[in-house]
Amino acid sequence: MPESNNTQYLADLSFGLSEEELIKPFLEEHFGKLEKLGKYHPFDYENDDYLIEIKSRRIPHNKYNSLMFNYSKIEKLETYDTDKTAIFVFNCEDGIFCWEYDSSQFTISRGGRCDRGCNEYYTMAYVPIEHLVCLEEMPTFNGFNDSVASLSSSDEEESCCDIIKRKFNTHLKQSTPSVKEQ
């Protein structure tokens, strides 16, 4: 782990935490009210039905053939006595993608990074991008077909990721007070 005062580490930490807060209201529209879990919990949010881990990435979801996260999260998950569905959310440059935990849909290998002043290589879980679902298309969501049916004709050519970005930006504009209101 990098030194706690490492500039890149601090920037990455700030990015990840701020992105979690930004997309929480959007996730709640799909998963229901979410409670933030503690700093050292392997997942970020939960409710009666879901455990949710958010991984924010500064890349398009398909830059590589898979997205990775620390395998220790799956190791912890497999020890839980719960019926909750585990959802891994990948907040990428080109949209918000989800993967519902399935023990047959990932591989394990060594991976990591070395750009923050030390080697950060760990046992990682790699989820192939073909198992990722753009959030609006995820089959566990209620009302998706209704929201697609209500799109105007100009929206029909938008990708699901474009629709997500538009809806997310609209949500932010509605929930963020203007400068005059502050």
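Since every read-out is calculated from the coordinates, none of them should be taken as a lab result. The structure displayed is predicted, hence computed values, not measured ones.
For a quick check: with amide H placed at 1.01 Å from N, whose amide H comes under 5 Å from LYS55's, ignoring anything fewer than 5 positions away on the same chain?
VAL89, PHE90, ASN91
Taking H placed 1.01 Å from N in the peptide plane, check which residues at least 5 places from ILE96 or on another chain put their amide H under 5 Å from its amide H.
The list, which skips near neighbours in sequence, is LEU135.
What are the ³J(HN,Hα) couplings of region 24-31, residue after residue, when phi is run through the Karplus curve with 6.51, -1.76, 1.60 and θ = phi - 60°? Round to Hz, x for glycine and proline.
Per-residue couplings from phi come out as 3, x, 5, 5, 5, 4, 9, 9 Hz.
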